[in-house]
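Okay, structure first, notes after.
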């Protein structure tokens, strides 16, 4: 591992500090590309306008007309946290704006697969719906949209995934990544796209005189859900996404959040008053995702939709139980997958440029998480496959991949598909995460194809794990109140949480819980505790560490500790 300090543009840091930003925050923000204080303004007025997203005006007209004619609307969701929050935002938002008849349907990961398929279009029609609205899916559902239209349904696709060469023939498509869309925030999550459609719909209804600026429903009640889905989907936190998340966090901290979210905080042992993006990504998100992985995402969506605190609490406890089961399955699969991955190369040698792992006993609901763990451990683009559980599809393998910086996974799959025609039955995704379906007999061909592309695209520099940090931490900031200051900010994908790096002296070290390294360190002459989760090997007496600031409470006293992220050994 190579620990590298980010460049801090001195002029930007100075300008931020002069504008009243805390000196440490000024340095951190400048290193993340913030040049002026107004970029940190997270007010709703600073959000990019809905009119800039192609299709929102047409979507607003379609929905307003449907509501005026009392048509039945059906949301087709996705089975991850972004899809679940997008569905909850759609249902709550449409009802807030006056829609009388809104239902939803969520595909089953195993039986239905991903997206709007022809059988799902038929189920929507059979439910009595007139208008089908996709959230967080649909841009790749060419056949599903065609069948829905043939059945007489109006189709509105809202999505954020990258489109293929052929777009579905929907009545309206809202997707910032579709050709001809000039919306600046290309990394907005599916839940954000749906929120923007609702903003446009409210403006259309206002124009029609349904309500005026004073009497219009407040959509800001949906922002906690938008923030949760945005963080959980690990999309890049550009300025617009950070504003959406910041606005959601403010409401959560003030106690203005749906009962289901509140109950999820409770079962996770987290406090809403001091909620952080970390809570969304590592406490709430996994509990909702667990429903889609092992059970039925309807549980997650119902939890987010329920306004009955007792029902919300019951659903949150169920989700917590499913998440515990998910962790057990993942733990067993992870160990097995590590063994298979490490058998692909001799000890002491470098791993192959890409890793593909399959075992007949793997659970398809957990392959993405395990791929992420292998990628983290070996620093290689990694795919994990499981046998499909869908009836009649037993010969197919469902794969989920995670990538490293510098290797665009969806583009790599596209190239494999072109070079090895017929190997990939279906694929899609983003730069850092993608999924595909292949016939089991084609696993070797897929592995060969992916490794060929990785061999061509990756060089020694890309294959060396780099940990970017914010350099040394001045001892004056090693305080518990500074931890709180940092935690209040919006950090995440593309706007990395503050990580510092310095050479420290290791005074003592011991294993706790058999898998974590508890450390006593000397940082700039002062003692400080440290913990390295998941590390069992001892460290030398002096070492360059990368660490985050955290506060530990013991007998009512809060003390700073370092959460170690890595070491240059």
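The values are calculated or read from the model by the stated rules, or taken from the named source; none is laboratory data. Remember, predicted model here, so these are calculated numbers, not experimental data. Ideal geometry is used to build each Cβ from the backbone, glycine not excepted, and the neighbour counts take in all protein chains shown.
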>> Would you confirm, using the coordinates I've provided, whether residue 231 is buried (at least 17 other Cβ atoms within 10 Å of the Cβ), in contact with a helix residue (DSSP H, G or I) (Cβ under 7 Å, 6 or more places away or on another chain), modelled with pLDDT of 95 or more and not assigned by TED's automatic domain parsing to the domain that holds residue 429?
In response: yes
> Out of 519, 539, which single residue is assigned to a strand (DSSP E or B) and either surrounded by 15 or more Cβ atoms within 10 Å (Cβ to Cβ) or within 29 Å of the chain's Cα centre (by Cα) (or both)?
Replying inline: 519
> Which of the residues that make up the range 131-147 are crowded, with 24+ Cβ neighbours inside 10 Å and part of a helix (DSSP H, G or I)?
Replying inline: 144, 145
> What is the number of the single condition among (1) farther than 18 Å from residue 445 by Cα; (2) assigned to a loop (DSSP other than H, G, I, E, B) that residue 368 does not meet?
Replying inline: (2)
>> Name the single residue that is surrounded by the most Cβ atoms within 10 Å (Cβ to Cβ) among those in the range 265-296 being in a loop (DSSP other than H, G, I, E, B) and at pLDDT 95 or above.
In response: 275
> Taking the range 21-61 only, how many residues are in the same structural domain as residue 180 (by TED's automatic domain parsing) and farther than 15 Å from residue 239 by Cβ?
Replying inline: 11
>> If the requirement is being closer than 16 Å to residue 454 by Cα, modelled with pLDDT under 95 and surrounded by 20 or more Cβ atoms within 10 Å (Cβ to Cβ), which of these qualifies: 402, 380, 410?
In response: 410
> Mind checking whether some residue in the range 178-188 is in a helix (DSSP H, G or I), buried (at least 23 other Cβ atoms within 10 Å of the Cβ), under 25 Å from the mean Cα position of the chain (by Cα) and not assigned by TED's automatic domain parsing to the domain that holds residue 418?
Replying inline: no
> For the range 385-399, does any single residue satisfy the condition of being under 29 Å from residue 2 (Cβ atoms) and in contact with a helix residue (DSSP H, G or I) (Cβ under 9 Å, 6 or more places away or on another chain)?
Replying inline: no
> In the set 454, 417, which member is surrounded by 16 or more Cβ atoms within 10 Å (Cβ to Cβ), touching a strand residue (DSSP E or B) at 6+ places or on another chain (Cβ under 6 Å), in a helix (DSSP H, G or I) and modelled with pLDDT of 95 or more?
Replying inline: 417
